[in-house]
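Bear in mind that the values in this text are calculations on the coordinates, not laboratory data. Only a predicted model underlies this, so the values are computations on that prediction, with no experimental measurement involved. Here the Cβ positions follow ideal geometry from the backbone for every residue, glycine too, while neighbour counts run over all protein chains shown.
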Amino acid sequence: QCCAEAEASSAAPCPTSVTEGEMPGRYDFEVVERDLYTWWESRGFFRPEVADDMPEGPGGGKSYVLPMPPPNVTGRLHMGHAMFASLQDVLARFHRMYGHRTLWLPGMDHAGIATQMLVERQLVAEG
């Protein structure tokens, strides 16, 4: 569904490995993720932005990038998650209004679970 919505507003189609054909018995993450990443890059999902109708602010077009992770997949949501998501949104909007080419890229936490496992192993070893 998200690909269909994105495709409707896009010249670049969603990757066919994600949207067409029979579903394989085993998920082939290498093909699917390669195709999705290529599609994301072609659509500019990782490029900072400035609104076209916004006058240049005092930031002078410098870049401001804010990569932050979402809540950990193993944890329960709490008010702290809403607070930090709100603060990240405020920072991204402020820098965009200030004239910075702004990229807010949530969802980049790739090491949280691995770090947690390492700490847990160390704690078990220490008794």
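Details
- Between residue 115 and residue 94, the simple label model (points 7 Å from Cα in the Cβ direction) yields a spacing of 2.3 nm.
- Sequence-distant residues sharing a close amide H with residue 63 (under 5 Å, placed H): 101
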